[in-house]
C-alpha cells in the first residue's frame, strides 16, 4: 500500500456509520484502489479536454466538463 493514511481514513469513515459492525480486511484496500482509479480517470479526462483546447494548463472548467458524463 503506497498511502497508509488514506487506508486509515477510509476505515475511519466506514466505522463512523453506526450500521457497520465489522469490516472485512480487503474492503478498505478495494476502496482505496477504486478511489485511485477514479482519480486517475478524472485526471486523464481533464487532460484530454485541455489538449483538445490546445492548452497546457488544466482549468477548473476541464474538471467540470467531466462531471456531466
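For the reader, a short list of remarks on this structure follows.
- Region 21-32, residues that are surrounded by 12 or more Cβ atoms within 10 Å (Cβ to Cβ) and in a helix (DSSP H, G or I): 27, 28, 29, 31, 32
- Among the residues making up region 42-53, a single one is within 24 Å of residue 8 (Cβ to Cβ) and either touching a helix residue (DSSP H, G or I) at 6+ places or on another chain (Cβ under 6 Å) or exposed (fewer than 12 other Cβ atoms within 10 Å of the Cβ) (or both): 42.
- Evaluation of residue 62 against (1) modelled with pLDDT of 85 or more; (2) in a helix (DSSP H, G or I); (3) over 13 Å from the mean Cα position of the chain (by Cα) (one fails), failing number: (1)
The values are calculated or read from the model by the stated rules, or taken from the named source; none is laboratory data. These figures come from a predicted structure and were not determined experimentally. Using ideal geometry, Cβ is built from the backbone for each residue, glycine included, and neighbour counts are taken over all protein chains shown.
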